[in-house]
Amino acid sequence: MADPKLIEQAKNAIDEILSVLGISRVVCVDDEYRGGLQVEQIIGIANSLPLDALKNIIPQSLGTLADDPDIRAQQLRRAWDRLDNNARTQLGKEILLVGGPQNAGTEGDQRYASTLGELIPADKLLTLSPMEWTERREQLIQEAKKRHTLFLFDQDLSRDGGDPEGGIKIIASVLGAKGAKKVICALLTHTIAPQEQPGRWKELSETYGVDCDRFVPIPKKWLDDDPLIIAHLLKLVALSPDLKILKDETRKIMRRAAKSAADKVAAISLCDLEHITFRVPASEGSWEPDMLFRLHGLYHRLEARRLAHEGGKLEVMARRMRRISHIQTETESLPIQDAWATQRDELYEPADHLNRNHLPLELGDIFAKVGAESQKRYILLAQPCDLMVRNDGKRAPDIEYMTLAEIGPSREQRQYTEELHYFADGPTDRYFVKLKEIHHVPSLLLDLCIFNDNGQAAISLVSTCPEGIRPAWVHRFARLKEAYDKRLHKLGCLLPVGSDTPEAKRVRKEVKDALLGGLLDGGLFRGIVSDKDGQRAITYNCQRVGRLCRPYAYKLLLACTLCLGRPAIDPEFGMRLKPDNH
């Protein structure tokens, strides 16, 4: 049974939603309304209640209830006969509300219907059985074009000779009818569990060809557990027509802005375009098409903002929708599913995009150990200009080591850590960057990740630079290949020869292993050398697995700088007194 306080809050919210929208009628179609409230069903539920609870419901004017269930049932039948229809309805509602979950069948549906009657004002609620809906369908749809109406349909209408999936089929038919653009529908059902609601919403939309923006499924169980969610979902139903229009208008603006931006880029003189697109990147080692995307982004942003405010249409829509959206229906049980993933997409670039397009190293790049079961990750913290590879394949200055800070899961934040928001797959897990757990990794090693589609740090000393690499990094590949080739070449003189004594072979092997270990020592990461048919290759257990967007990566870089630059003060000789709390 729902908390009466929650029912009252939900009732007030729904009343405000209907009032703001100007909805004067709510039509609810459910097979529970086929015969009204049955006295024997009500008495059966009443007799299942504790006697003290039942006494709080039955008016004293109807007499004192007996302890014996059979006698009490007879008393209730006589009392029921003395009541008028309104009093019977009210008493039945109260018994159903207090009755709580009985069976998953009829009594539960009666209770849900009763709670719904509590939430929606009686003067606006019209309840119909499926047969009554069939008789009045055309009339009600025609009236809805002039009189704002909210339609609520039960999904399973089989107890009145209907279809077990009749509700969604009716919605598809109603919304597909001519002149139904402003019709508002919701699907009330006990066939969908609350945790299934987001997924089933999409499934029903695809199966029956009903736009998700035009209806919303509402699990009936929320009528018991949290009726405020009913108010919230009804708010979404109310907002859905305007939300669809808002999305369509925004899409039109974005398309117009894209065309305008393309026209402005096309109007740039060849001299200016060559300077911006090729001469500027040549000095920085940037990719030339990036400059064109930067120009398009600039003009697109400015034009989209101008069009958004032009005429004030969007502001009028936003003002109207704001009145509904700001109605208080917040509850911890809200079925929000994709907001977390959407925010995660804004903050992190996926590994597949970075590695398949061979994007250069940047502040915020995230690495992992290949094959490791640990949840630890490592994030690159370095000044972006220092990471930039120039057209000669070098950095300025040509830094030898880069700083990686450790990322790990934790239940709570500790000193000298920064939370990496939305790094986990969901809100239950938390990850932190440990600013005192930093590692210095050779830049040559991390650079190798750029040239492989899977992002792993590896290079074959007989391979050529992959296609699609930016010019500055083509030169960088040549330098990396040369550097690793020289290191491995020095080991050639340590290969055993036929005249070596066993002792000489042992010494050569020890020296070679020691030198090779130093060559392949990448701090955090270890490498192996393979030599098959004279084709030497080096592979490290290091892989680029993502990137944090630049604004948040800058925040981490500043936090790391502050951590490293924190003052170190000698411990005090004395002991200060604690402040007096009295």
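Rule-based calculations on the coordinates, nothing more; no lab input. Computed from a prediction, not measured in an experiment: that's the story for all the values here. A quick note on method: Cβ atoms are made from the backbone with ideal geometry, for glycine too, and the neighbour counts reach across all protein chains shown.
Assuming R0 = 51 Å, what is the FRET efficiency of LYS532 and ARG256, from their Cβ-Cβ distance, to the nearest 0.05? Write out the running numbers ahead of the final one.
Working: r = 58 Å, r/R0 = 1.13.
Calculated value: 0.30.
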query = How big is segment 302-426 in terms of Cα radius of gyration and Dmax, in angstroms?
reply = 21.6, 61
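What does the extension gain come out to for VAL316 and GLU412, with contour length at 0.36 nm per residue minus their alpha carbon separation?
30.2 nm
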task = Mind pulling the angle between the C-alpha long axis of helix 85-99 and the longest principal axis of the chain? Nearest 10 degrees, somewhere in 0 to 90.
result = 40
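Given axes a ≥ b ≥ c from the Cα gyration tensor, I'd like to know whether segment 117-177 is rounded (a/c under 1.5), prolate (a/b larger than b/c) or oblate.
Note, shape of segment 117-177 comes out oblate.
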Order of ARG470, ARG294 - criterion: other Cβ atoms within 10 Å of each residue's Cβ, fewest first = ARG294, ARG470
ask   = Between ASP81 and GLU203, what is the label-to-label distance in nm when each label sits 7 Å out along the Cα-to-Cβ direction?
value = 5.0
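Show that you can apply the helix-only estimate: for the chain, add -39,500 (n - 2.57) for every DSSP H stretch of four or more residues, divide by all residues, and state [θ] at 222 nm to the nearest 500.
Mean residue ellipticity at 222 nm (helix-derived): -15000 deg cm²/dmol.
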request  = Quick one: order CYS185, CYS271 by neighbouring beta-carbon count within 10 Å, fewest to most.
outcome  = CYS271, CYS185
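Contour minus end-to-end for ASP485 and ILE399, with contour as 0.36 nm per residue of separation and end-to-end as the Cα-Cα distance?
Numbers: separation 86, 0.36 × 86 = 30.96 nm, distance 1.98 nm.
Answer, rounded to one decimal: 29.0 nm.
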inquiry  = Name the residue from ILE170, VAL474, LEU448 whose Cα lies farthest towards the positive end of the charge dipole of the chain, charges +1 on Cβ of Lys and Arg and -1 on Cβ of Asp and Glu.
reply    = VAL474
query = Any idea what the dipole of the chain comes to, in debye rounded to 20, about its Cα centre with Lys/Arg Cβ at +1 and Asp/Glu Cβ at -1?
reply = 1880
message = Out of all DSSP beta bridges in the chain, what portion is antiparallel? Express it as a percent rounded to 5.
response = 70
key: Listed pairs LYS55/LYS124; LYS11/LYS313; LYS145/LYS247; LYS11/LYS220; LYS5/LYS169; LYS436/LYS486 exceeding 25 Å between Cα atoms   = LYS55/LYS124; LYS11/LYS313; LYS5/LYS169; LYS436/LYS486
inquiry  = Relative to 2.2 N^0.38 Å, what does the C-alpha radius of gyration of segment 255-332 come to as a ratio? Two decimals please.
reply    = 1.71
task = Order the peptides 219-227, 473-481 from the highest to the lowest mean number of other Cβ atoms within 10 Å of their residues.
result = 219-227, 473-481
key: Gyration tensor (alpha-carbon) shape descriptor, the chain, a/c threshold 1.5   = prolate
query = How far is helix 313-325 tilted off the main Cα axis of the chain, in degrees rounded to 10, range 0 to 90?
reply = 60
key: Additional length obtainable on full extension of the chain from CYS385 to LEU558, 0.36 nm per residue less Cα span   = 60.8 nm
task = Based on other C-beta atoms within 10 Å, arrange TYR552, TYR422 from fewest to most.
result = TYR552, TYR422
request  = Return the Cα extents of segment 204-269 along principal axes one, two and three, sorted largest first, each rounded to a whole Å.
outcome  = 68, 26, 15
query = Taking GluC sites (Glu not before Pro) as exposed when DSSP calls them loop (any state but H, G, I, E, B) and at most 16 other Cβ atoms lie within 10 Å, what is the longest stretch of the chain free of them, the sites themselves excluded?
reply = 1-329
request  = Run the numbers on segment 255-332 and let me know its relative contact order in percent, using alpha-carbon pairs under 8 Å that are six or more apart.
outcome  = 38
request  = With label points built 7 Å along Cα→Cβ from the Cα atoms of GLU284 and LYS145, find their separation and express it in nm.
outcome  = 5.9
ask   = Just how large is the dipole of segment 255-332 about the Cα centre, in debye to the nearest 20, putting +1 at every Lys and Arg Cβ and -1 at every Asp and Glu Cβ?
value = 620
ask   = Which aspartates and glutamates have a Cα less than 14 Å from the Cα of LYS434, not counting those fewer than 8 places away in the same chain?
value = GLU406, GLU412, GLU418, GLU419
message = I'd like the FRET efficiency for ALA568 and TRP340, computed as 1/(1 + (r/R0)^6) with the beta carbon distance as r and R0 of 35 Å, rounded to 0.05.
response = 0.30
task = Report the calculated FRET efficiency for GLU419 and ASP263 (r = Cβ-Cβ distance, R0 = 35 Å), to the nearest 0.05.
result = 0.20
